[in-house]
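Quick notes on the structure that follows.
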Amino acid sequence: MTAPIQPGTRLICPLIAATVEAMRADMIAAVAEGADCLECRLDYLSHPPDDEQLRDLLTNPPRPVIVTCRPVREGGRFDGQEAHRLALLRRAGRFEGVEAVDVEFDVPAEDWPAEGRKIILSRHDFQAVPDDLDELARAMDQSPAAVNKLVVQPAGADEALRVFDVLRACRKPTLALAMSEAGLITRILARKFGAFGTFAALTAGQESAPGQVSLAEMKHLYRWDAIGPDTDVFGVIGCPVTHSMSPAIHNAAFAATAQNAVYVPLRIEPGNEPFFRFLDAVRQRAWLSLRGLSVTIPHKENALACVGAEHCDALAVRIGAINTITLREDGSLRGENTDYAGAIDALCEAMSIARPGLKGRSAAVLGAGGVARAIVAALREYGATVTIYNRTLPRAEALAEEFGCVARPIARAGRTDAEIVVNCTSLGMHPKVRATPLRRLPESVKIVFDTIYNPVETRLLRDAQAAGRQILSGVDMFVHQAAAQFETWTRLPAPREVMREAVLRALGNNEP
Ligand code: NAP
């Protein structure tokens, strides 16, 4: 008689080494990284192990083990005979440290390589989230297997949310998750919904399925140990979204202030319609406790349209974009633009003035894209005079006309008589770090603000500092916009120093 499956949500590390020795070594490494369950993927071994090798692998493992030998037909690597595969699983499943044996849904119960109370019955769809997902889950729930496992491929984060419906409906321990970037939320929130477990790779590059994050990311970036049924959820909507620094900065802030909250990446395909679909899917699932959203490229304009101008701050409406949504408990939404607020507040802080102190000050804004638009609108709102310098002059002229400024070609920026220079072009951004939008700094310029944050210190800022001018980096703006979001959502003062350190760490990690 085998021990029953233990309750609790496991952080499972799939082990995909090619040899038994390496897989055994990876067990130790995975436990050191925080895994509390190990999946031995026998199909990744270069040769099917003999009895002695199985003994070396599975005797006294440092954590409970799941054995899996996934056939090619279900996305695995085992391409031998089915009878040999099941025999291997049967031999492996007899070891005491093996908590469960994974077997595919299409294997008849009479051929299962272990008794039902040790079986994880699994089904993978690498193409889509099947329409009949709920029925499939019900059928699995009625089988004699101890655990249901359902893995799907969502087109966007809205579809991925259906996985949570399954977790909530199943009566047996269930592992349900969605793959790829769009499914990340399902991997991170497994504990919130009491899933049997979630998978996390030993290190980046050792994933056994698309979208798996590493153990270290799960524990340290996504607050695995802090997540429970009552955890509030926040996230960033974008496409792509995996490289956003927002999860690092917000999760660090939640941890520093002991909030029962987690912040996740949410991939939504471009366009208004996918954005609407996601918000609808969220509204139908109040139990998700989604409280706030950051919005990044390409959705800032869609977000304004979806939330509705009447629910957004007036300047955000003039800018035509929001980057922050608050979801209230009554289901209503509120939209804000903390990009402009972050930029303007970072600038005011550096100048030791409040926003009204900008009145009558003169600024040269370099660039006429999305960021320039937000900053020009805010500078004008608080009474600064603004000249917009851009490579494509008609773009600068259109922006200048809208906000009552002057437009000039970028080549003339070196002749500005403004006190403040704000670079909103991408000149100087990684990898072309030797570029600068301004080769000569006129005497009038007292403060230079570069919105670029990668690198933290651009050539423009280095030149300005060498010339004795005050400087302000894109990191300051990024921290201020995130801090404003944090304060909107939590009504607490943002731990700005912690947030700044998180951004600098994330930028360090992003460097090639
Ligand atoms: P965008 O809409 O694509 O605008 C890009 C701007 O850069 C345009 O004015 C463009 O001029 C100009 N530009 C690009 N290449 C140029 C070149 N070779 N020579 C001269 N001008 C050039 O981009 P965005 O969203 O506004 O972002 C602009 C910058 O803001 C980025 O560098 C990004 O690092 C920074 N940013 C910072 C934060 C933060 O929180 N700190 C957040 C978002 C973005 P044309 O009109 O002539 O094409």
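The values are calculated or read from the model by the stated rules, or taken from the named source; none is laboratory data. Keep in mind the model is a prediction, meaning the values are calculated, not measured. In this analysis, Cβ positions are derived from the backbone assuming ideal geometry, glycine residues included, and neighbour counts consider all displayed protein chains. With ligands, DNA and RNA removed, areas are computed over all heavy atoms of the protein, side chains included. Shrake-Rupley method; radii C 1.70, N 1.55, O 1.52, S 1.80 Å.
Taking each residue of region 2-26 that is at pLDDT below 95 and looking for partners that are crowded, with 19+ Cβ neighbours inside 10 Å and small (Gly, Ala, Ser) with beta-carbon atoms closer than 7 Å, six or more apart or interchain, yields Ile5/Ala100; Ile5/Ala146. The number of residues in region 268-293 being among the aromatic types (Phe, Trp, Tyr) and in contact with a Cys (Cβ under 8 Å, 6 or more places away or on another chain) comes to 2. Taking the condition within 16 Å of the ligand (Cβ to nearest atom), in the same structural domain as His243 (by TED's automatic domain parsing), of a type outside the set (Val, Ile, Thr) and without any contact (Cβ under 8 Å) to a residue 60 or more places away in the chain, does Arg434 pass? Spelling it out, it is not the case that Arg434 is within 16 Å of the ligand (Cβ to nearest atom), in the same structural domain as His243 (by TED's automatic domain parsing), of a type outside the set (Val, Ile, Thr) and without any contact (Cβ under 8 Å) to a residue 60 or more places away in the chain.
What do you reckon, is Ser246 farther than 24 Å from Asp165 by Cβ, touching a residue at least 12 places away in the same chain (Cβ under 8 Å) and either open to solvent by less than 20 Å² (accessible area, probe 1.4 Å) or not acidic (Asp, Glu) (or both)?
Numbers: farther than 24 Å from Asp165 by Cβ: yes; touching a residue at least 12 places away in the same chain (Cβ under 8 Å): yes; either open to solvent by less than 20 Å² (accessible area, probe 1.4 Å) or not acidic (Asp, Glu) (or both): yes.
So Ser246 fits the description; yes.
The one condition from (1) of a type outside the set (Phe, Trp, Tyr); (2) in contact with a strand residue (DSSP E or B) (Cβ under 9 Å, 6 or more places away or on another chain); (3) without any contact (Cβ under 8 Å) to a residue 60 or more places away in the chain that Glu33 does not meet is (3).
One line per residue, one yes/no per condition, for (1) within 21 Å of Ile471 (Cβ to Cβ); (2) outside any helix (DSSP H, G or I); (3) in the same structural domain as Thr385 (by TED's automatic domain parsing); (4) modelled with pLDDT under 95:
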{"residue": "Ile297", "(1), (2), (3), (4)": "no, yes, no, yes"}
{"residue": "Ala316", "(1), (2), (3), (4)": "no, no, no, no"}
{"residue": "Ile322", "(1), (2), (3), (4)": "no, yes, no, no"}
{"residue": "Thr326", "(1), (2), (3), (4)": "no, yes, no, no"}
{"residue": "Gly331", "(1), (2), (3), (4)": "no, yes, no, yes"}
{"residue": "Leu347", "(1), (2), (3), (4)": "yes, no, no, no"}
{"residue": "Gly357", "(1), (2), (3), (4)": "yes, no, yes, no"}
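I'm checking my understanding of the structure. Among residues of region 408-431 that are open to solvent by less than 30 Å² (accessible area, probe 1.4 Å) and under 38 Å from the mean Cα position of the chain (by Cα), which one is farthest from the ligand (Cβ to nearest atom)? Here the answer is Ile420.
Could you identify the single residue in Ile16, Ile5 that is touching a Phe, Trp or Tyr at 6+ places or on another chain (Cβ under 9 Å) and not assigned by TED's automatic domain parsing to the domain that holds Ala200? Full working, then the answer.
On the way: Ile16 fails: not assigned by TED's automatic domain parsing to the domain that holds Ala200.
One residue alone meets the criteria, Ile5.
Residues of region 257-306 that are open to solvent by 20 Å² or more (accessible area, probe 1.4 Å), free of Cβ contacts under 8 Å to residues at least 40 places away in the same chain and under 19 Å from the mean Cα position of the chain (by Cα): Asn260, Pro270. Contact map, region 445-461: residues that are open to solvent by less than 10 Å² (accessible area, probe 1.4 Å) paired with residues that are assigned to a strand (DSSP E or B) and within 11 Å of the ligand (Cβ to nearest atom), Cβ distance under 6 Å, separation 6+ or inter-chain. Pairs shown: Phe449/Val422; Phe449/Leu472; Asp450/Asn423; Thr458/Asp450; Leu460/Asn423; Leu460/Asp450; Leu461/Asp450. Only a single criterion out of (1) within 26 Å of the chain's Cα centre (by Cα); (2) among the hydroxyl-bearing types (Ser, Thr, Tyr); (3) at pLDDT 95 or above is not satisfied by Tyr453, namely (3). Ala377 satisfies every condition listed in (1) more than 10 Å from the ligand (Cβ to nearest atom); (2) open to solvent by 10 Å² or more (accessible area, probe 1.4 Å) except (2). Could you list, in sequence order, the residues of region 12-53 that are closer than 24 Å to Phe196 by Cβ and in a helix (DSSP H, G or I)? Met23, Asp26, Met27, Ile28, Ala29, Ala30, Val31, Ala32, Leu42, Asp43, Tyr44, listed by residue number. Does Gly76 fit the bill of being over 22 Å from Leu215 (Cβ atoms) and assigned to a loop (DSSP other than H, G, I, E, B)? No: the conditions fail for Gly76. Applying the condition of being without any contact (Cβ under 8 Å) to a residue 40 or more places away in the chain and open to solvent by less than 30 Å² (accessible area, probe 1.4 Å) to region 341-356 and asking which residue is nearest to the ligand (Cβ to nearest atom) yields Ile344.
Residues are listed down the side, and each one gets a yes or a no for (1) of a type in the set (Asp, Glu); (2) more than 30 Å from Leu333 (Cβ to Cβ); (3) surrounded by fewer than 21 Cβ atoms within 10 Å (Cβ to Cβ); (4) away from the ligand (no atom under 16 Å from the Cβ):
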site	(1), (2), (3), (4)
Leu472	no, yes, no, no
Met477	no, no, no, no
Ala482	no, no, no, no
Thr488	no, no, yes, yes
Arg496	no, no, yes, no
Met499	no, no, no, no
Leu504	no, yes, yes, no
Leu507	no, yes, yes, no
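All conditions but one from (1) away from the ligand (no atom under 13 Å from the Cβ); (2) more than 27 Å from the chain's Cα centre (by Cα); (3) surrounded by 17 or more Cβ atoms within 10 Å (Cβ to Cβ); (4) among the small types (Gly, Ala, Ser) apply to Ala368; the one that does not is (1). The residues on offer are Gln284, Gln259, and the sole one that is of a type in the set (S, T, N, Q) and modelled with pLDDT of 95 or more is Gln259.
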